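As structure tokens, the structure follows; a few thoughts come after it.
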Amino acid sequence: MISYARQTQEEQPEAPPPPVEEHIAPAPRVSVQAFCETVETAAAVQSAGEDRRLGKAHLKIQMGGMTAAIEAYRSAPTPNVIVLESDARSDLLTGLDQLATVCDAGTRVVVIGRINDVMLYRELVRRGVSDYVLAPVGAIDVVRSICNLFSAPEAKAVGRIIAVVGAKGGVGASTISHNVAWAIARDLAMDAVVADLDLAFGTAGLDYNQDPPQGIADAVFSPDRVDTAFIDRLLSKCTDHLSLLAAPATLDRVYDFGTDAFDAVFDTLRATMPCIVLDIPHQWSGWTKRALIGADDILIVAAPDLANLRNTKNLFDLLKAARPNDRPPLYCLNQVGIPKRPEIAATEFAKAIESQPVVSIPFEPQTFGAAANNGQMIAEISANHKSIEMFLQIAQRLTGRSETKKQKSSLLSPLIEKLRGK
């Protein structure tokens, strides 16, 4: 019998897109088989299979629609998900009844049809169909439908991964990522974790004034032990909402990793933390490329010179091609206004990238240097520093959240706090 998974109905037409796109959680390792009737739908499903959120799914496409599906499963087990395209109403319901006789328990069915009728939708739900999507469909419609089957409303939300990378070494990407994570935790009141992926030279432990005995290296070198409890033991608490997965920053071993070395760590963090900020080192390898492409949102930090412009442009082009169903990466300019240094203007930078920078952070070595040497964030060094608002602006763009309004304090607030403490 076809199992009932989730009842979702495609809304058409769509409202104007919000400033930040909806968050679609990645699908787990599942098998998906699609039976299409038109080449347009087959092409959309094929494109969906190349999306990062279906990267772990095994997708197979076949033409022939309902008839081909019924014939295929007479002598073969059914996959986790079946995607069916059908145009006719009566043939669809009859075909689903026949499919139910050869379908394994637990298989979820997504139907793509052209009839926009609530009565038909109710009949499909009654027969156990998990989702009904109106044709014509795009790749993102298929991605959304399949991924939503595995993120039930009652389940804990899957965390959003934000990757921060420098267009060139020494541009301050780590400083930006740590301060943005601080803004996410403090101003947006989101539980967040910073994962320092520069295992040899990472500075997150120094910036947050933390020296934990364990960190991300323990997880990467022991992938069989990685689970929620193990990751929790490795986390270092920085504030009520912010935790750190620190890098060892030692040279007693070589940190050569395979392409999927961090997958288990990221998957576990997604299941436990609403927001994960990846501090990605400036290097190009299989795992750094995989981490960038697999992230939900990306921030590139660049200085206003020619090498940074070239590298930012290369990163933009690669990531946009590899993530066609995601919004383009964001970028910010850092260390703007170094005395006597020729710089490329932000307008020229934006013209070449074909995108405006989120913010342009001025060069202020005294404040940033003091914060780095003291193991503090800019907000702790100078509460009214103008860069704090810029970090918050970046945090809001990356997460799609607005600032949490703080309760107004009164003359009695200190007394009330003392009473609560007692």
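Okay, here's what the table says:
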quantity	calculated
Among (1) at pLDDT below 95; (2) surrounded by 19 or more Cβ atoms within 10 Å (Cβ to Cβ); (3) out of contact with any Cys (no Cβ under 7 Å at 6 or more places or on another chain); (4) not in a helix (DSSP H, G or I), the one test that residue 219 misses	(4)
Whichever residue in region 246-265 is of a type outside the set (D, E, K, R) and more than 21 Å from residue 210 (Cβ to Cβ) and, among such residues, is surrounded by the fewest Cβ atoms within 10 Å (Cβ to Cβ)	254
Selected residue [in contact (Cβ under 8 Å) with a residue 40 or more places away in the chain and more than 17 Å from residue 177 (Cβ to Cβ)] from 229, 246, 264	264
Leading residue by the ranking (surrounded by the fewest Cβ atoms within 10 Å (Cβ to Cβ)) among those in region 353-370 that are touching a residue at least 12 places away in the same chain (Cβ under 8 Å) and in a helix (DSSP H, G or I)	367
Count of region 142-171 residues which are within 30 Å of residue 272 (Cα to Cα), basic (Lys, Arg) and either outside any helix (DSSP H, G or I) or more than 15 Å from the chain's Cα centre (by Cα) (or both)	2
Flag for residue 174 being at pLDDT below 95, among the hydroxyl-bearing types (Ser, Thr, Tyr) and either part of a helix (DSSP H, G or I) or surrounded by fewer than 20 Cβ atoms within 10 Å (Cβ to Cβ) (or both)	no
Region 376-387 - residue that is of a type in the set (A, V, I, L, M) and crowded, with 19+ Cβ neighbours inside 10 Å and, of those, farthest from residue 172 (Cα to Cα)	379
Lone qualifier among 69, 27, 76 - being within 25 Å of the chain's Cα centre (by Cα) and of a type in the set (A, V, I, L, M, F, W, C)	27
Matching residues, region 102-141, being surrounded by 18 or more Cβ atoms within 10 Å (Cβ to Cβ), without any contact (Cβ under 8 Å) to a residue 40 or more places away in the chain, more than 26 Å from the chain's Cα centre (by Cα) and under 17 Å from residue 32 (Cβ atoms)	111
Residue tally, condition part of a loop (DSSP other than H, G, I, E, B) and closer than 26 Å to residue 268 by Cβ, over region 27-78	9
Matching option when the condition is within 30 Å of residue 83 (Cα to Cα) and either in contact with a strand residue (DSSP E or B) (Cβ under 9 Å, 6 or more places away or on another chain) or part of a helix (DSSP H, G or I) (or both), among 190, 119	119
Pair list, Cβ under 7 Å, 6 or more apart: region 379-392 residue on the phi < 0 side of the Ramachandran plot, other residue assigned to a helix (DSSP H, G or I) and of a type in the set (Val, Ile, Thr)	379/388; 381/367; 382/367; 385/367; 385/378; 387/378; 388/378; 391/180
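Residues are listed down the side, and each one gets a yes or a no for (1) buried (at least 20 other Cβ atoms within 10 Å of the Cβ); (2) of a type in the set (Asp, Glu); (3) in contact with a helix residue (DSSP H, G or I) (Cβ under 7 Å, 6 or more places away or on another chain); (4) more than 13 Å from residue 355 (Cα to Cα):
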| site | (1), (2), (3), (4) |
| --- | --- |
| 280 | yes, no, yes, yes |
| 289 | no, no, no, yes |
| 297 | yes, yes, yes, yes |
| 305 | no, yes, no, yes |
| 313 | no, no, yes, no |
| 322 | no, no, yes, yes |
| 326 | yes, yes, no, yes |
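The values are calculated or read from the model by the stated rules, or taken from the named source; none is laboratory data. All figures in this text were calculated on a predicted structure; none of them were measured in a lab. Heads up, the Cβs are rebuilt from the backbone with ideal geometry, glycines too, and the neighbour counts pull from every protein chain shown.
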